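Visitor: Let me give you the structure first, and then I'll get to my questions.
The values are calculated or read from the model by the stated rules, or taken from the named source; none is laboratory data. Just so you know, these numbers come straight off a predicted model, no measurement behind them. Because the Cβ atoms are built from the backbone with ideal geometry, glycine has one as well, and the counts that use them run over all protein chains shown.
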Amino acid sequence: MITKSMSDEELFRALKTEIDELGWNLIKHKGQAYRKVVLRQRLFPLYFKPFEVKSKSKNTWLVIPVAHSRKDADNSQFMLLCKLDSPEGIYWYSIGADYFTREADETISVLAPHMLRRMNERLNLHILKSEDLLVEFIKREPKNYMSYPPESKQFFHLVNGGIVLGEVVGRRWIHKTFIDDESFSKVNKMKGDRLISGQKRLESIKQLLDSSDNKAAVLEFIDSTFGSYKHEFKLE
């Protein structure tokens with residue numbers, strides 16, 4: 001069984017072993033079931049109905065079949081996230097992946113229950129089950145991660161409708177809390193700045209950080225914005 005007390009190496013090895021085993025079985029037994037639908041689809045990404053499976057080690061995994069293009073008709077894609085109950089709520093674990101290539105890397109992605117609850121509250125989703133809330137998060141198409149500042153252990157992560165704030169602990173990228181775009185806008189307007197949404201916001205921040213003349217000002221802006229949520233992000 002996967003536990004929170006495992007070392008990073010133990011946890012990563014356990015997750016990777018089970019993802020490899022489950023992924024192969026899913027492709028073998030279920031891959032063709034989605035092929036015709038994917039070939040007829042015009043809008044992507046396409047998410048199929050999620051379902052749960054048990055691993056040999058009795059871990060519960062949520063499986064989300066997904067197609068990013070028609071090419072996936074013959075290359076079935078399954079997102080797998082391991083469920084871990086705790087007194088604080090349900091944590092979801094998986095192996096990190098590059099946003100553009102979708103290739104697995106050496107990191108561990110951890111979605112904390114507090115982050116999902118905050119997303120539920122701030123976007124007025126009224127979703128009751130953790131599994132349904134997780135699927136909603138995935139469908140909001142999480143974008144690239146950025147460290148804040150680049151050498152630190154804090155990061156932020158763009159999704160449709162808001163920003164996830166997190167912290168890197170060892171190999172674990174822990175998604176801690178969520179700020180909706182409206183709240184972010186209010187903080188931004190108080191400083192007389194213009195909010196750029198979605199990918200444009202990410203590109204703008206990247207461009208500013210790449211400029212040595214603007215880096216201090218950008219980091220000051222991010223610091224002042226994140227500082228409003230220090231009580232949640234536990235940065236103090």
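Visitor: Run down L80, L116, L62, L133 and say which single residue is under 26 Å from V169 (Cβ atoms), in contact with a Gly (Cβ under 7 Å, 6 or more places away or on another chain) and touching a residue at least 12 places away in the same chain (Cβ under 8 Å).
Guide: Just a single option satisfies the conditions, and that option is L80.
Visitor: What is the residue count in the range 15-49 for residues that are among the hydrophobic types (A, V, I, L, M, F, W, C) and either within 9 Å of A73 (Cβ to Cβ) or not in a helix (DSSP H, G or I) (or both)?
Guide: Of the residues in the range 15-49, 7 are among the hydrophobic types (A, V, I, L, M, F, W, C) and either within 9 Å of A73 (Cβ to Cβ) or not in a helix (DSSP H, G or I) (or both).
Visitor: Being modelled with pLDDT under 95, more than 12 Å from the chain's Cα centre (by Cα), of a type outside the set (K, R) and buried (at least 20 other Cβ atoms within 10 Å of the Cβ) is the requirement here; does D105 meet it?
Guide: no
Visitor: Taking into account only those residues within the range 83-102 that are β-branched (V, I, T) and without any contact (Cβ under 8 Å) to a residue 60 or more places away in the chain, which is surrounded by the most Cβ atoms within 10 Å (Cβ to Cβ)?
Guide: I90
Visitor: Against the conditions (1) assigned to a strand (DSSP E or B); (2) within 21 Å of D105 (Cα to Cα); (3) acidic (D, E), where does E52 fall short? Just the number, please.
Guide: With respect to (1) assigned to a strand (DSSP E or B); (2) within 21 Å of D105 (Cα to Cα); (3) acidic (D, E), E52 is out only on (2).
Visitor: Taking the range 70-102 as the search range and keeping residues that are in a loop (DSSP other than H, G, I, E, B) and more than 18 Å from P142 (Cβ to Cβ), which one is modelled with the lowest pLDDT?
Guide: The qualifying residue modelled with the lowest pLDDT is S76.
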